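Take a look at the structure below.
All of the numbers you see were taken from the coordinates with simple rules; none came from a lab. Note that the structure is a prediction, hence the values are computed from the model and not measured. Backbone-built Cβ (ideal geometry, glycine too); neighbour counts: all protein chains shown.
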Amino acid sequence: MDIPASPAATLEPASRRVRPNVLLVFPRFNQNSFWSLRAACALYGVRCPAPPLGLITVAALLPADWTLRLVDRNAEELNSADLAWADVVFTGGMIPQRPDCQQVIRLCQAAGKPVVVGGPDATSSPELFAQADFLVLGEAEGILDRFVAAWERGERTGRFEAVRFKVDMARSPIPRFDLLKRRHYLYLGVQFSRGCPFLCEFCDIIELYGRVPRSKSDAQMLAELQALFDTGYRGHVDFVDDNFIGNKKAIKRFLPVLEQWQAERGHPFMFSTEASINLADDPELLGMMARANFFAVFVGIESPDADTLVAAQKKQNTRRSLADSVHRIYGAGMMVLAGFIVGFDTEERGVAEAMIDCIAATAIPVCMVGMLTALPGTQLTRRLAREGRLLPFESEASGDQCTAGLNFTTLRPRREILEDYRKVLLAIYRPAAFFERVRHVGLAIRKHALRADPAGRAPPLPRVARRDLVTLLKLMAHMTFVRIDLAPLFWRTFVATARRNPAGLHAAVSQMVLFLHLGRFATFVVRELDRQIAALDRSAVLAGARAQGRRQPSAPACRSRSRSPAS
Ligand code: B12
Ligand code: SF4
């Protein structure tokens with residue numbers, strides 16, 4: 001319910017209180033996005049994939065005697081009682097959350113509550129949040145104490161900006177996991193490091209978090225995991241690091257400690273993360289991750305075309321067989337999810353076929369294929385602006401780079417790019433193709449040896465949480481009685497994996513669950529692309545007609561041609 005509190009109930013003495021009631025509000029994402037994982041969340045019985053790690057980190061930086069409450073608009077309503085309770089509201093997130101973030105600001109201001117806005121979108125586009133009472137830009141560890149001091153002095157507006165890339169991760173506190181309603185989420189997140197040493201032209205991470213990865217200490221990270229463990233949570237934990245292996249030295253120091261910590265507690269967590277493909281070149285690192293119980297890695301593959309990768313400054317993906325690299329990761333017991341992009345300047349016709357072949361050869365089931373988007377502050381945006389090719393960014397309206405993107409004048413005809421993108425989606429999310437890749441991964445995943453616990457008992461199997469078992473039963477019922485169209489594919493994949501490689505079953509099942517969302521989402525995107533292609537065709541016809549109209553007085557021959565059926 002989006003009802004502002006009655007202003008009379010909220011104003012005065014509360015807003016002057018030095019130790020305020022702080023309401024943290026995480027704005028809504030667009031529900032129609034690749035990452036909303038809607039049908040999968042429904043099957044798991046949760047409301048959304050992941051919680052707001054940024055906001056609960058900010059919460060931990062606020063003085064201990066301030067009273068905090070969190071509302072995640074992706075999982076629950078913001079109601080008038082919450083607003084009435086608050087003396088100040090903290091909100092912020094990423095670009096697709098912008099419309100809802102602005103709505104939250106409006107609601108607060110209608111209720112007479114000061115609003116503090118921060119997070120990546122406000123940091124990269126502060127001008128769009130100028131209406132907020134406070135702007136806290138950059139990593140909060142570097143700046144929040146100045147906001148607190150200002151608040152305590154009685155100031156009720158201000159702008160505070162952290163020095164970029166300088167925040168020492170040792171200052172990052174244990175996030176306030178206690179504020180989360182854990183039952184709403186598919187998985188939880190933690191962060192070991194920020195930043196990435198590479199230089200990809202389209203990447204905003206290096207602009208926001210820098211190129212020198214900064215990491216927490218081992219003890220600090222273990223304390224954070226222990227805090228999560230102490231809440232009673234067990235299961236999937238995502239290391240949200242920009243590139244988990246960005247600082248290999250730090251990660252190789254940390255992983256054995258993590259392995260030991262996991263063994264001592266009977267492997268309570270299964271980890272996923274994001275890493276660059278050069279992970280595959282380091283068998284020692286792969287082994288360390290596997291033994292610490294990592295089960296999934298997201299890798300940005302972006303394009304199958306080496307020239308495009310070089311032009312996009314993503315050279316680390318070239319001079320290798322992507323299929324071999326990905327299979328080495330499967331061999332270490334981890335499944336791979338990947339990002340691909342269409343719309344690079346150097347792409348040629350045929351990129352769709354090459355991408356489809358690459359996805360088949362790597363056998364990656366879950367591929368986030370999006371359109372190239374010039375995000376604020378990136379090298380790509382700066383280049384396109386210099387070239388006079390930048391267009392207004394409309395991504396925030398639709399949510400992600402699958403349905404909006406190409407916010408620039410393309411070198412290839414835009415229609416051709418949209419058609420290529422459409423072709424890729426139709427091919428890779430054809431149920432038979434998707435399930436074939438899942439079957440392949442299910443068989444390719446190798447079982448890795450987990451360290452025995454200190455008492456010398458045999459290493460436990462990766463923990464199967466009760467929720468996973470319930471989900472498996474629900475999935476079996478759903479595939480057999482609801483998605484009858486998928487039933488043969490599901491059962492063939494399930495039985496083949498169970499019989500020939502039980503170690504791959506978790507990977508196979510979790511990816512088949514995701515198909516419930518991704519299959520539908522691909523159909524939605526294809527419809528959206530059809531709409532965009534039809535709109536381009538209409539404007540081409542109109543432009544043609546206008547051009548013809550302009551020529552008409554002096555070119556009667558055209559008029560007669562324009563009446564022919566062929567026109
Ligand atoms: C995890 C993640 C996701 C998850 C989100 C899960 C969730 N519920 O939050 C998923 C996979 C869904 C996702 C998707 C996308 N993401 Co994302 N994501 C990340 C990632 C890797 C980590 C976020 C995180 O938890 N960080 C850890 C916390 C501690 O850091 P933080 O959020 O920056 O918070 C700090 C400060 O920003 C600040 N802060 C944060 N909030 C607030 C609020 C207030 C009031 C204050 C004062 C301060 C403050 O304080 C915190 C401590 O310093 C970031 C990169 C990054 N390093 O942060 C990208 C990032 C946020 N994503 C981004 C983008 C573009 C996307 C996508 C649009 C495209 C994509 N990359 O796939 C999609 C959109 C999804 C959609 N349409 O629904 C951009 C955002 C750019 C921008 N200017 O807004 C980022 C920065 C980098 C990137 N390109 O991936 N993402
Ligand atoms: S490897 Fe990933 S995080 Fe690093 S610069 Fe490239 S796109 Fe950004």
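Give me a comma-separated list of calculated 3J(HN,Hα) values for segment 529-541, in order, Karplus coefficients 6.51, -1.76, 1.60 applied at θ = phi - 60°, integers in Hz, x for any Gly or Pro.
After applying 6.51 cos²θ - 1.76 cosθ + 1.60, I find 5, 4, 5, 5, 5, 4, 5, 5, 4, 5, 5, 5, 5 Hz.
Strictly over 32 Å apart at the Cα level, which of LYS314/LYS423; LYS249/LYS474; LYS166/LYS252 would you flag in this model? If you can, show how the numbers build up before the last one.
Values: LYS314/LYS423 24 Å; LYS249/LYS474 43 Å; LYS166/LYS252 23 Å.
Table pairs above 32 Å Cα-Cα are LYS249/LYS474.
Return a whole-number percent for the relative contact order of the chain, with Cα pairs under 8 Å and 6 or more residues apart as the contact set.
That works out to 13 percent.
Alpha carbon centre of segment 128-199 versus segment 297-367: separation in Å?
Segment 128-199 and segment 297-367 have Cα centres spaced 33 Å from each other.
Using just the helices of the chain, give the 222 nm mean residue ellipticity in deg cm²/dmol: DSSP H runs with n ≥ 4 each add -39,500 (n - 2.57), and the total is spread over all residues, rounded to 500. If you can, show how the numbers build up before the last one.
On the way: 23 runs with 250 residues, N = 567.
Rounded to the nearest 500, it is -13500 deg cm²/dmol.
Fewest to most neighbouring Cβ within 10 Å: what's the order for PHE494, PHE198, PHE90?
PHE198, PHE494, PHE90
Roughly how many debye, to the nearest 20, is the charge dipole of segment 7-161 about its Cα centre, given +1 on each Lys and Arg Cβ, -1 on each Asp and Glu Cβ, and no other charges? Working shown, then result.
Details: 15 positive and 17 negative charges, 57 e Å.
Dipole size: approximately 280 debye.
Compute the distribution of all C-alpha to C-alpha distances in segment 255-395, in bins of 5 Å from 0, and list the percent of pairs in each, rounded to whole numbers.
2, 9, 17, 18, 16, 13, 11, 7, 5, 2, 1, 0
Could you tell me how many cubic angstrom of Cα convex hull volume segment 169-369 has per residue?
124 Å³
With +1 on the Cβ of every Lys and Arg and -1 on the Cβ of every Asp and Glu, and nothing else charged, how large is the dipole of the chain about its Cα centre, in debye rounded to the nearest 20?
Taking the Cα centre of the chain as origin, the dipole is about 1120 debye.
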